[in-house]
Amino acid sequence: MEWSACTDEYEKLVIRMSTPRVVIDNAVCSTATIVKVDSARKHGILLDAIQVLADLDLLIKKAYISSDGRWFMDVFHVTDQLGNKLTDESVLNYIEQSLGSIHNGKINSSNGFTALELTGTDRVGILSEVFAVLAELQCDVVEAKVWTHNGRIASLIYVRDCDSRSALEDYQKINKLEARLRNVLKGDNDIRSAKTSISNSVIHPERRLHQMIFADRDYERSRIFKFTPETPFVSVQNWAEKGYSVVNVQCKDRIKLMFDVVCNLTDMEYVVFHATINTKDDQAYLEFYIRHKDGTPISSEPERQRVIQCLQAAVERRANEGVRLELYAEDKQGLLAEVMRTFRENGMNVTRTEISTVGGVAANVFYVTDAMGYPADPKIIESVRQKIGLSNLKVKELPLLRQQKTKSEGDQPGGVGGAVLLSLGSLVRRNLYNLGLIKSCS
């Protein structure tokens, strides 16, 4: 670390004390890479650390969180999506640099995009209408994330003007866009709860989606689909002797699970003092010792029930409902509107989507079901693939409900049974490219 000439010894000590110490170890554990972070404790810094790992789509197999006074220590056992230790030097360097600077915070910038925040009532075909409006008003979608849960939809869409290739600046166009999108979101009976917001600020999209759908109180609403994932088990008890509330979560393990839980605890103004995370087979077991920011534990039964509901919702929002489809095609104006219209015309409902554009290529992920929430029929999916392009739209994975049936019918390369697995290297490099660490993802 280099010091300026005017930095005195006290300032150097403060900087050393506040700068996280990061150690990455590939020798101690045979099954995972160990990432250790020691730092001064402040509200939200644990979430910032987990976010670094989540942005690379790493699996946290074990974790130990301990806070002693104003200091905290995190230990994460992480692997790639295939369960392997991390060996790519660019990934290891990125983790070390990012975790070492989390105390600095991040400056938001527009990056030349306009951010659209949309919440409303979910229904089959709603995204088709949203992207049709954007295409009609000459808005190019650069990136987007859409979540649905309990009949609600939350969307964070980054767009730019098709002509200027920059953020939207025409206020008449912005007002027209906001009014049109609000009409789409409210449908026939959702006048009060449909919300639209347009700005040029850029924040972490998944943290913002959690905040948006939490503010929409999705956790209080009933499920609308017949086929839904198993409800996560959540319990909350008080440890009176130590003044903690102890939160236990048990559910199916997946990428970004710990991020989703800690994100919601942070947004609800709870502080995590200690935590342990373990996984076995496909199950995850998370235990958190929390207090309010003022140092008090959960104090009432209604509050306890609210925490349970909110954490169940936090886990369910990213649950993989339906069949995962991946679209890779040359980006063009109106591409998403065409794809979503094809989904709608074939009775396919999009439960979650991630949209990005890398080097002029659209790289999109869709989770689709039928209109009742059951996994979409393989024959319909194959028909949709033929309309969009067999080489462009591929099936990544099938839910367990359909896998055995598909195997019995025989897997055909490139067909519905032939789940297309992207190489981990390309996924990690694409994440690094999106995070600005490397100049090319090829």
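The values are calculated or read from the model by the stated rules, or taken from the named source; none is laboratory data. If you're wondering where the values come from, they're calculated on a predicted model, not measured in any experiment. Ideal geometry is used to build each Cβ from the backbone, glycine not excepted, and the neighbour counts take in all protein chains shown. Just so you know, the surface numbers come from the protein's heavy atoms only, side chains and all, with ligands and any DNA or RNA stripped out. Shrake-Rupley method; radii C 1.70, N 1.55, O 1.52, S 1.80 Å.
Quick look at the values:
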| quantity | calculated |
| --- | --- |
| Breaking point among (1) closer than 16 Å to residue 60 by Cβ; (2) touching a helix residue (DSSP H, G or I) at 6+ places or on another chain (Cβ under 7 Å), for residue 264 | (1) |
| Some residue of segment 108-126 being over 20 Å from the mean Cα position of the chain (by Cα), within 30 Å of residue 368 (Cβ to Cβ) and part of a helix (DSSP H, G or I) | yes |
| Boolean, residue 81 is of a type outside the set (A, V, I, L, M, F, W, C) and part of a loop (DSSP other than H, G, I, E, B) | yes |
| Segment 350-387 - residue that is under 21 Å from residue 333 (Cβ atoms) and open to solvent by 50 Å² or more (accessible area, probe 1.4 Å) and, of those, nearest to the chain's Cα centre (by Cα) | 354 |
| Qualifying residue in segment 263-271 (condition: within 17 Å of the chain's Cα centre (by Cα), open to solvent by 30 Å² or more (accessible area, probe 1.4 Å) and among the hydrophobic types (A, V, I, L, M, F, W, C)) | no |
| Residue identified as in the same structural domain as residue 367 (by the TED database) and at pLDDT below 90 among 155, 199 | 199 |
| Residue identified as aliphatic (A, V, I, L, M) and at pLDDT below 95 among 336, 311 | 336 |
| Residues (basic (Lys, Arg) and surrounded by 18 or more Cβ atoms within 10 Å (Cβ to Cβ)) located in segment 22-61 | 61 |
| Number of the exception - residue 301 against (1) at pLDDT below 95; (2) more than 25 Å from the chain's Cα centre (by Cα); (3) among the acidic types (Asp, Glu) | (1) |
| Of the criteria (1) assigned to a helix (DSSP H, G or I); (2) free of Cβ contacts under 8 Å to residues at least 60 places away in the same chain; (3) open to solvent by 70 Å² or more (accessible area, probe 1.4 Å), which one residue 73 fails | (1) |
| Filtered residue count, segment 230-256, keeping only those that are assigned to a loop (DSSP other than H, G, I, E, B), under 28 Å from the mean Cα position of the chain (by Cα) and either more than 17 Å from residue 316 (Cα to Cα) or aliphatic (A, V, I, L, M) (or both) | 1 |
| Test: residue in segment 139-160 that is out of contact with any strand residue (DSSP E or B) (no Cβ under 6 Å at 6 or more places or on another chain), of a type outside the set (D, E, K, R) and in a helix (DSSP H, G or I) | no |
| Filtered residues of segment 23-62 (kept if β-branched (Val, Ile, Thr) and free of Cβ contacts under 8 Å to residues at least 40 places away in the same chain) | 23, 28 |
| Among residues of segment 112-128, those that are surrounded by 20 or more Cβ atoms within 10 Å (Cβ to Cβ) and out of contact with any Ser or Thr (no Cβ under 8 Å at 6 or more places or on another chain), counted | 3 |
| Subset of segment 266-313 [among the hydroxyl-bearing types (Ser, Thr, Tyr) and either touching a strand residue (DSSP E or B) at 6+ places or on another chain (Cβ under 6 Å) or touching a residue at least 40 places away in the same chain (Cβ under 8 Å) (or both)] | 266, 270, 276, 279, 285, 289, 296 |
| Residue within segment 160-182 that is surrounded by 14 or more Cβ atoms within 10 Å (Cβ to Cβ), closer than 24 Å to residue 202 by Cβ and within 19 Å of the chain's Cα centre (by Cα) present | no |
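For (1) assigned by the TED database to the domain that holds residue 243; (2) surrounded by 15 or more Cβ atoms within 10 Å (Cβ to Cβ), each residue gets a yes or a no:
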site: 286; (1), (2): yes, yes
site: 294; (1), (2): yes, no
site: 304; (1), (2): yes, yes
site: 308; (1), (2): yes, yes
site: 324; (1), (2): no, yes
site: 328; (1), (2): no, yes
